[in-house]
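Have a look at the structure below, then the notes.
Just so you know, all these numbers are worked out from the coordinates, no wet-lab data involved. Values in this document were obtained by computation on a predicted structure and should not be read as measured data. Here the Cβ positions follow ideal geometry from the backbone for every residue, glycine too, while neighbour counts run over all protein chains shown.
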Amino acid sequence: MTRSSSQSKAIWGIIAIFVAIAILAVIEPKITQMPPKPDRPDFTFEGVKMAQIDNGDLSWELTSEHAEIDKDKDQILLLKMEGLLYEKGKEVVSIKAPKAVMKMGINK
């Protein structure tokens with residue numbers, strides 16, 4: 001191979017690189033977005049019972065046939081919920097609802 005043949009191949013190689021760069025520069029990149037988070041809870045529970053005890057006394061308790069925790073919304077959805085509020089260990093309020101939302105207070 002002669003010197004001019006080597007130079008010619010080098011020039012064509014450089015031209016090919018510039019053409020490839022030019023083509024890549026004008027092609028729009030394909031951007032895909034992440035699909036949105038499905039609108040479903042992070043956790044689901046059946047037959048839930050919760051209670052809070054302060055200084056040894058029961059403050060409240062609730063039961064729910066179904067509960068769904070949504071961490072992004074910072075809440076618990078309760079279905080078929082019943083609850084009792086206590087004062088000094090005695091029942092003072094009874095609550096019953098087909099649907100209730102309880103804030104978790106985690107994302108303050």
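May I ask you to derive the relative contact order of the chain, considering only C-alpha pairs under 8 Å and at least 6 residues apart, and to give it as an integer percent? Don't skip to the answer; put the middle values down first.
Details: 152 pairs, mean separation 18.5, N = 108.
With pairs under 8 Å counted, the relative contact order is 17 percent.
Let's test this: bin the Cα-Cα distances of the stretch 43-103 at 10 Å from zero up to the farthest pair and state each bin's percent.
So the P(r) values, bin by bin, are 23, 47, 27, 3.
Using only Cα atoms, tell me the angle between helix 3-26 and the longest principal axis of the chain; keep it within 0 to 90° and round to the nearest 10.
So the inclination is approximately 30 degrees.
Considering the alpha-carbon set of the chain alone, what are its Rg and its Dmax in angstrom?
33.0, 104
Name the most mobile residue of LYS88, LYS30, LYS96, meaning the one with the largest mean-square fluctuation, in a Gaussian network model of the chain with Cα contacts below 10 Å.
Greatest mean-square fluctuation among the candidates belongs to LYS30.
Going by C-beta contacts inside 10 Å, put THR32, THR63, THR44 in order with the fewest on the left. If you can, show how the numbers build up before the last one.
Working: THR32 5, THR63 16, THR44 12.
Least to most surrounded, the residues fall as THR32, THR44, THR63.
Enter the Cα centre distance for the pair the stretch 75-106 and the stretch 1-61, rounded to the nearest angstrom.
Computed from Cα coordinates, the inter-centre distance equals 42 Å.
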